[in-house]
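Chemist: Mind having a look at this structure? Questions to follow.
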Amino acid sequence: MPVTVGPYGQSQPNCFDRIKMGFMMGFAVGMAAGALFGTFSCLRVGMRGRELMGGVGKTMMQSGGTFGTFMAIGMGIRC
């Protein structure tokens, strides 16, 4: 199958690059959402200091990984 070329001579990203980009975008959005929700939930249960930072970081990584995975799957379906 021939490689499609854009208007300025660059080639289109392949399927793996699109899946990687979908994961990175989803990870970034998930990290932002995890920062918000994690901060509120940790403050609600009374965490402070180092415990707060660990709880928020854990929530950010979990939500970023989850949302990034689903975005990568969605981009894979579109390929």
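The values are calculated or read from the model by the stated rules, or taken from the named source; none is laboratory data. Bear in mind the structure is a predicted one, so any value in this text is a computation, not a measurement. All Cβ positions, even for glycine, are placed from backbone atoms using ideal geometry, and neighbour counts span all protein chains on display. Only protein heavy atoms, including side chains, enter the accessible area calculation; ligands, DNA and RNA are left aside. Shrake-Rupley method; radii C 1.70, N 1.55, O 1.52, S 1.80 Å.
Chemist: Which count do you get for residues in the range 49-72 that are free of Cβ contacts under 8 Å to residues at least 24 places away in the same chain and either in contact with a strand residue (DSSP E or B) (Cβ under 9 Å, 6 or more places away or on another chain) or open to solvent by less than 100 Å² (accessible area, probe 1.4 Å) (or both)?
Modeler: 6
Chemist: In the range 16-48, what count of residues is obtained for those that are more than 13 Å from the chain's Cα centre (by Cα) and either assigned to a helix (DSSP H, G or I) or surrounded by 13 or more Cβ atoms within 10 Å (Cβ to Cβ) (or both)?
Modeler: Summing the residues that are more than 13 Å from the chain's Cα centre (by Cα) and either assigned to a helix (DSSP H, G or I) or surrounded by 13 or more Cβ atoms within 10 Å (Cβ to Cβ) (or both) in the range 16-48 gives 13.
Chemist: May I ask you to list pairs of residues, at least six apart or on different chains, whose Cβ atoms are under 8 Å apart, with the first in the range 14-28 being within 14 Å of Thr69 (Cβ to Cβ) and without any contact (Cβ under 8 Å) to a residue 60 or more places away in the chain and the second being hydroxyl-bearing (Ser, Thr, Tyr) and surrounded by 14 or more Cβ atoms within 10 Å (Cβ to Cβ)?
Modeler: Short answer, once both residue conditions are applied: Phe23/Thr69; Gly26/Thr69.
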